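This report concerns only the one structure given below.
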Amino acid sequence: MRRRRQSGALPLEAPLVVVGDRKSALCVVALDDDAAALGLVEDMALADARARFPRLEVAHEDSPADTKLLETVAEYCRRWTPLVASDAPDGIFLDITGCAHLCGGEAELGADLRARLTRQGFHVRVAIASTAGAAWALSRFGMEAILPAGSERRTLAKLPLAALCIEDETVAALARVGLKKIGDLYELPRAPLAARFGKILLDRLDCALGLLEEPLSPRLEVAPYMAERPFAEPVGREEDVLGAVACLAEKLSAMLERRGEGARRLELSLFRADGAVFTVTAATSRATHNPEAIADLFSTRIDVLRDDLDPGFGYDLVRLSVLEADRIDAAQSDLAGPDNAEELARLIDHLGARLGPSRIVWQEVFESHLPERAVLHVPVGGAGAAAWKIADPEAPPERPLRLLLKPEPVEEVVAVVPDGPPARFRWRHVLHEIVRAEGPERIADEWWRAEESRPTRDYYRVEDKEGRRFWLFREGLFGREHVLPRWFMHGTFA
Amino acid sequence: MPHEAAQPAGDVSPATDVSPASLRLAIARLARPAIDPGSLPFGEAEVDRTLGGGLMRGALHEVAPEAEGDAPVAGGFCAGILVRALAREKTKPILWIRHDLATVEDGAPYGPGLKALGLDVARILFVLASNANEVLDAMEHALRSATLAAVFGELRGNAKLDLRAPRRLALAAGHGATPALLLRLGAGEQLRAPVAAATRWRIAARASGDAPANGVGLPRMKADLIRNRRGSAASFSLEWRIHDRTFRIPALRERLAPPPVGRPHHAPAQAERRASA
C-alpha cells in the first residue's frame, strides 16, 4: 500500500511537493499527481525542482505525524483482520489468512480496502500474495494484483532487485555486476552470492518466494476471543451501540463458557464510517462470562467517555474482543463469600469502570514503625490485608481515625516541661488548650532505610477542652537532633 | 429474616375510629414508636427506643459535625455505626466512598486507627471519588446491589448539591436493606436544606472517659438527633465502647472530672499538668 501525503489545508492550485532532509540537502520525498505530471521525481533536490518550476507548493515532512497517521490507518485496517502490522514509513501488512471469505473473497476484500481508503484521500496500492515479501514487491514495483499461490517465482522474476526490500548499496553493487532483475538471481550459485552480498540478500529472496517463513509482528496482540457486528447503515445512537454490545457480549459469553474461561480485560472497538476508530477498554476484577456484566461494564464506560466518543455519521462496525481471559475457578475464596462474590465483583467493576480501577482500593495494614508506612492502598484484586497488632483491644485507640496526608506544623506550642506534652498549641488557626495527654510514644526512623534519615518523633495523644482528640508529635530530641524541636499534627482521633 | 411488620408511628389514622381508647392507643404509639427488629441498633436502649429499634436499614442517614473541629468525632460516630453494621453480617464488606477533598482536608482513614475502634479493615472497600457527584453516584449504585453490609459516603464542602441527588440516594437505599450513611463535612448552611434522610445527626466532641494518668479515654461525643422519621428529635451523650462494640450513654458519675485521689503510682510525676483539668 502506498500513501501520499495530503493536506486539505494547503491550496491545491499549485503542484505540491513534500521535502525533507536527505544527505544534508532538502530533497523531494513525496509529490502529488500534478507534480509528477511535470516530470518531477522523488529524491530530486528541492533547488533543482524549484529551478524548473518556481510555482511549487512546498511542505516540510513531518515524520512523527506520518507515523501517527500510518498507525491510525493500520488501526482502521483491523476491520478486515486482527493481524495488522505497520511497515513504516508507508506500508501496512494485513495477514488475511482465513479472513478473506468474510468479505466475499480476496478480490472483494482488496476492492473494499481500496475503496474505503481512497475515499479518505489516500493513494492506495493493494497487492495480495502468499508471502509478505511478494506482496511488498508487487505493491511497490509491480502492478496491483492478486498473486495466485505458487506463481511468485515467475511474477517476481521481472521485478527490479530493489523490490526485495534490500539496501540501496546492495542494489547498486548488484547492478555493477549486471544483476538488475530478481530473476537474474534464480540461476546463480548461492554460496558466492551470499559471500559477496551478504546472507540477507538470499534470505529476502527466500522469504519473497515462500521458501523461508517470514513472521509479521502484529501491532497488537491478537485477542483470544472476538465478536463483531457490521452495520449496513452506520449507527450513531448510543442505545444502538449498547444494543450491539449486548449482542456481542452474548456471543462472547458462549465462546468463553465453552472453554471454561472468563474475561479479565475487554476491548470494544467502534469503527466510525469515516475511518476513525475508538477503542474503549474495561477490566474486570474477576474472570466473568456473564453477558449482562460485560454489557453493563461498557455501558458505564461509554457513559463516562461520552464526550470523547463522537459518533459523527455513525459506526459501521462494532467489535468486542477479550484481550485477557482467565480460567473461572469454581471455588471463589473471598471475603464476600461464595454467594456474594459474583455480585460484589460486578459492583466493583462498575465503579471501576466509572471512576477508574485504581480508585477502588483495600487498605493493607503493616507492622511498620513509621505511621505513614503502616498502611498501603492496594487496588482491588491485590492481596488481602495483613495484620496490625493491637496491643490491647479494649483500650482507647492508640492510633488516629484519620491520618493527615502530610504532618502539618503546629504553632505557638507551650509545654510545661520541655520534653513533655504540649499544654497549648495552635493548629489551622485554632488555639487548643490541652487537658489530657498521653505519651510520649517514641518512634524512631526505620534505620534500615538508609536513603534519608529522619529525626526521632515523640508522639502524644492529647485532648483539648472541647473534647477534641489529636495525635501530634515533636520532631527531634532536645539538644541532640534539634536545638528547638518542632511540633507537627499528624492525625485526629474520633 | 427481618420482617417489616412494625407499624410506623404515622400510620395511625384517627378518621376511622375516634373512641377515647383508640386515641389513647394512638397517643401511646406516637409517644413510644414501635420497635422495628430489622433496624440497626445502637446497643443503647434509650437511643434505640427513640429511633424505633435503631437506624432504619434501607434508608439514608446523614451525619454532620457541629463545628469544623468536630469532623473527626463525627467520623468516629460513623465508624461506630459501621462496626455495628459489620457485626450483623458474616461476610459482606462495607463500601467506604472517600471524597478526595476530605482526604486532603481531614486526612485519610487510617487502618490502625480504624482497627483500634474495632473496625475490620479487611472488610472495608474504599472507593476514591474526585467530586461530590461521583460520591453520590457511587453510593447510589452501591445501594442498588445487595452485597454490602453498609454504604458509607463522605462529602466535604458546601457546594450546593443537586436536590435530586440525595433524593435518588434515598430511593436507592429504600430499594434494598443496606444502611446508607452520609457524612457531610464543612457543609455549613447547606445542611439546612431538606433532605430525604431518615435520620440526621449533629455530632460534637466531648471530653473522653476515664483513663489512668489523665490519659485520653474512650471516644465520647454529643449526638444530636435533629431529624428522626420514626420519632422525636433528641440529644444523647454517647461513648463508643470498643470492647463490646456498642454506643453507651456514660453514667453521670463518669462525666465529672475524676477526683485526684487513688492515682496510679506513676501519676505524681505528671501532677503539674493536671492543674487545668
Only one of A:110, A:150, A:98 is modelled with pLDDT under 85 and either over 30 Å from residue A:192 (Cα atoms) or in a helix (DSSP H, G or I) (or both); which?
A:98
Some residue of the range A:56-66 being in contact with a Ser or Thr (Cβ under 7 Å, 6 or more places away or on another chain) and closer than 30 Å to residue A:318 by Cβ
no
Selection from the range B:105-144 of residues within 7 Å of chain A (Cβ to nearest Cβ) and among the basic types (Lys, Arg) yields B:115, B:123
Scanning the range A:294-330 for residues that are assigned to a loop (DSSP other than H, G, I, E, B), of a type outside the set (Phe, Trp, Tyr) and in contact with an Asp or Glu (Cβ under 7 Å, 6 or more places away or on another chain), the one farthest from residue A:348 (Cα to Cα) turns out to be A:312
Restricted to the range A:102-141 and to residues being touching a Lys or Arg at 6+ places or on another chain (Cβ under 8 Å) and small (Gly, Ala, Ser), the residue nearest to residue A:166 (Cα to Cα) is A:133
Please go through the range B:125-149 and pick out each residue that is free of Cβ contacts under 8 Å to residues at least 40 places away in the same chain and either at positive phi or among the β-branched types (Val, Ile, Thr) (or both).
B:127, B:135
Criterion first (more than 8 Å from chain A (Cβ to nearest Cβ) and touching a residue at least 24 places away in the same chain (Cβ under 8 Å)) does residue B:69 satisfy it?
no
Quick one: would you say residue B:185 is in contact with a strand residue (DSSP E or B) (Cβ under 9 Å, 6 or more places away or on another chain), of a type outside the set (Asp, Glu) and without any contact (Cβ under 8 Å) to a residue 40 or more places away in the chain?
no
Starting from the range A:293-310, keep only residues that are free of Cβ contacts under 8 Å to residues at least 12 places away in the same chain, then list their pairs with residues that are surrounded by 15 or more Cβ atoms within 10 Å (Cβ to Cβ) whose Cβ atoms are within a distance under 7 Å, requiring at least 6 positions of separation or different chains.
none
Of the residues in the range B:88-104, those that are at the interface with chain A (Cβ under 7 Å from one of its Cβ atoms) and of a type in the set (A, V, I, L, M) number 1
If residue B:171 passes every condition in (1) surrounded by fewer than 17 Cβ atoms within 10 Å (Cβ to Cβ); (2) modelled with pLDDT under 85 but one, which one does it miss?
(2)
Of the residues that make up the range A:150-162, is at least one surrounded by 12 or more Cβ atoms within 10 Å (Cβ to Cβ), within 22 Å of residue A:109 (Cβ to Cβ) and in contact (Cβ under 8 Å) with a residue 60 or more places away in the chain?
no
If you scan the range B:207-222, which residues turn out to be outside any helix (DSSP H, G or I) and either on the phi > 0 side of the Ramachandran plot or of a type in the set (S, T, N, Q) (or both)?
B:208
Would you point out which residue out of B:225, B:238 is touching a Ser or Thr at 6+ places or on another chain (Cβ under 7 Å), at pLDDT 90 or above, at negative phi and not in a loop (DSSP other than H, G, I, E, B)?
B:225
Of all residues in the range A:166-194 being within 12 Å of residue A:141 (Cβ to Cβ) and in contact with a helix residue (DSSP H, G or I) (Cβ under 6 Å, 6 or more places away or on another chain), the one that is surrounded by the most Cβ atoms within 10 Å (Cβ to Cβ):
A:182
Residue A:394 - would you say it is modelled with pLDDT under 85, more than 11 Å from chain B (Cβ to nearest Cβ) and not in a strand (DSSP E or B)?
no
Wholly enclosed helices (runs of 4 or more DSSP H) of the range A:189-293 bearing at least 2 residues in contact with a strand residue (DSSP E or B) (Cβ under 6 Å, 6 or more places away or on another chain):
A:238-258
Hey, residue A:198 hits all of (1) modelled with pLDDT under 85; (2) touching a Ser or Thr at 6+ places or on another chain (Cβ under 6 Å) but one; which does it fall short on?
(2)
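The values are calculated or read from the model by the stated rules, or taken from the named source; none is laboratory data. On a predicted model such as this, the values are computed, not experimentally measured, just so you know. Glycine gets a Cβ as well: all are built from the backbone with ideal geometry, and neighbour counts include every protein chain shown.
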